[in-house]
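Undergrad: Take this structure, written in structure tokens, and hold onto it; I'll ask about it next.
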Amino acid sequence: MKLSTRSRYGLRALIYIAKNQKEENPVSVRKIAEAEEIPLRYLERIMRILSQKGYVRAEVGAEGGYYLSMLPENIKILDVVEALEGRINLVDCLHGIKCKRMAYCPTRPLWMEMTKSLKETLAKYTLADFLREEEKIK
């Protein structure tokens, strides 16, 4: 299993906004794309999703851009990843797609445990954790 660039780029964009937004000045998508080396058109699509899901708010116009819609402490990484990727389940039978082997599948408990562990790990981190981690790196 591999997360798409959508999640990785989306998280990088949110971190960049959190570090660089000022009350009166939003962060432009072009500036994010350049700083984070993300293709502009792709980032625009990602930002639309993040805006629709309520993580950022857009300000339109010549001086437009994005602000975080909530505090970094309130943005769980699991929620962002699921907003960008869809619900996390390692195999189809864990999210409602029926398999004729479900009732007697010996591997299903493994997939359930792995999915649960992945979600728990992502849920314990917030955007604020990454901001603190970045400060340690510098």
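The values are calculated or read from the model by the stated rules, or taken from the named source; none is laboratory data. All figures in this text were calculated on a predicted structure; none of them were measured in a lab. Every residue, glycine among them, receives a Cβ derived from its backbone with ideal geometry; neighbour counts consider all protein chains shown.
Undergrad: Pairs, please: C-beta under 8 Å, at least 6 apart or cross-chain, first residue hydroxyl-bearing (Ser, Thr, Tyr) and in the stretch 3-27, second surrounded by 18 or more Cβ atoms within 10 Å (Cβ to Cβ) and in a loop (DSSP other than H, G, I, E, B)?
TA: Tyr9/Ile38
Undergrad: Name the single residue that is surrounded by the fewest Cβ atoms within 10 Å (Cβ to Cβ) among those in the stretch 1-41 being aliphatic (A, V, I, L, M) and outside any helix (DSSP H, G or I).
TA: My answer is Met1.
Undergrad: Right, here's the next one. Given the criteria under 25 Å from the mean Cα position of the chain (by Cα) and surrounded by 12 or more Cβ atoms within 10 Å (Cβ to Cβ), does Leu84 qualify?
TA: yes
Yes/no per residue for (1) part of a loop (DSSP other than H, G, I, E, B); (2) in contact (Cβ under 8 Å) with a residue 40 or more places away in the chain; (3) closer than 19 Å to Leu50 by Cα:
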| site | (1), (2), (3) |
| --- | --- |
| Tyr66 | no, yes, yes |
| Glu73 | no, yes, yes |
| Leu78 | no, yes, yes |
| Glu82 | no, no, yes |
| Leu90 | yes, yes, no |
| Lys100 | yes, no, no |
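Undergrad: Please name all residue pairs, on different chains or six or more residues apart, with Cβ atoms under 6 Å, provided the first residue is in the stretch 114-135 and is touching a residue at least 40 places away in the same chain (Cβ under 8 Å) and of a type in the set (S, T, N, Q) and the second residue is surrounded by 14 or more Cβ atoms within 10 Å (Cβ to Cβ) and not in a helix (DSSP H, G or I).
TA: Close Cβ pairs (under 6 Å, with a partner that is surrounded by 14 or more Cβ atoms within 10 Å (Cβ to Cβ) and not in a helix (DSSP H, G or I)) amount to Thr126/Ile75; Thr126/Lys76.
Undergrad: Filtering the stretch 59-72 down to residues that are in contact with a strand residue (DSSP E or B) (Cβ under 6 Å, 6 or more places away or on another chain) and small (Gly, Ala, Ser), which residue is modelled with the highest pLDDT?
TA: Ser69
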